[in-house]
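Written below as structure tokens is the structure these notes are about.
None of the figures in this text is laboratory data; all of them are computed from the coordinates on show. Predicted, not measured: the structure shown is a model, and the values here were computed from it. Because the Cβ atoms are built from the backbone with ideal geometry, glycine has one as well, and the counts that use them run over all protein chains shown.
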Amino acid sequence: MGTENALYTILVEKIKQDALVLPTLPEVALKVRQAADDSNINLKEMSDIIGHDPALSLGMLKVANSAILGRSVKVETVNQAVTRIGLRQIKSIATAMALEQVFVSKNEIVSMYLKKSWKKTVDVASVAISLMTFYIQDHKHTSLTLDTLTLAALVHNIGVLPILTEAENHPDVFANPTFLQQAIAKLAADIGGEVTKAWGFSDEFTTLVTSWSDLTVLPPETHYLDFIRAGAIHNGIFKNVSTCEVLLKSYVNKGILPDVDFMESERFQQMVTDVKTMFS
């Protein structure tokens, strides 16, 4: 516990002094976000920006042809993909697609944790996105949007990055698997909030990142937190069985789940598989 407290002290002190090394968004994500905020931008100009990054271009094509957009006619160019997705959604989806690039490290143990963390993040996000896809089909007037949820689900555990970066800087002290697991559980939410602020995300994202694992925060109305938590439940992240049962029943009452076993159904599992292809 002493080592964990030492890292906590280091991180908190760095936050106070504005000296914490936070991960930076990949350049292409920054360019897309800036362009999307320009009221004069058009689809062709956005396509050109995305087209300069092969990985992002491929990601956009996957999204445009994915099950969540429910289109049978395949798009084959970035311009067609951007047209189908729309400028409003591009900002969040491009950021989400670029996030995998920040989950890298040269330290073997840290790299293992980053890969593990990204896989878990994608697992949670795929369930959350699938649930919302079904939810929107039945609640067409909801103010919740898939693009916001997609980004929220993919940054919900972003606080692991500064922790692992600090571990990489002091590998002899901190790059220990058992210790890292405990440190991530204790510190990731608050530090994740700092990352979202540094990236210029809205307060809504900061709240999602800092609150998703705090089960004392229970929104009365249907909320993005519900979908992320459902993803966490499905992937065994919340360990208390009775708490998970209470949450699932509340999601049935909110209309997020038709029944408590819906996420085990073949129909739902197929949707999750389809969504995961966007991130692989």
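Couple of notes before you dig in:
- In sequence order, calculated HN-Hα J values of region 41-56 (Karplus, 6.51, -1.76, 1.60; Hz; x Gly/Pro): 5, 10, 4, 5, 5, 5, 4, 5, 5, 5, x, 6, 10, x, 5, 5
- Greater than 28 Å apart at Cα, pairs in K140/K197; K91/K249; K31/K197; K74/K115: K140/K197; K91/K249; K74/K115
- Over the chain: helical MRE at 222 nm, DSSP H runs n ≥ 4 each giving -39500 (n - 2.57), nearest 500: -21000 deg cm²/dmol
- Over the chain, the Kirkwood radius and the radius of gyration, each from Cα atoms, give a ratio Rg/Rh of 0.97.
- For region 130-210, the percent of C-alpha pairs falling in each 10 Å distance bin, counted from 0 to the bin holding the largest distance, reads 17, 37, 27, 14, 5, 0.
- Structural descriptor for region 192-263: relative contact order 20 percent, calculated from alpha carbon pairs under 8 angstrom and at least 6 residues apart.
- Projected label points at N235 and S202, each 7 Å from Cα along the beta carbon direction, are separated by 2.4 nanometres.
- Modelled FRET efficiency - R0 25 Å, H170 with L215, Cβ distances, 0.05 increments: 0.20
- Each listed q (0.08, 0.12 Å⁻¹) maps to a log10 I(q)/I(0) for region 72-227 from the Debye sum over equal C-alpha point scatterers, namely -0.27, -0.58.
- Taking the chain and dividing mean pair separation by its residue count, relative contact order in percent (alpha carbons under 8 Å, at least six apart): 22 percent
- When peptides 194-201, 41-48, 235-242 are ranked by their average number of other Cβ atoms within 10 Å per residue, the highest-first order is 194-201, 41-48, 235-242.
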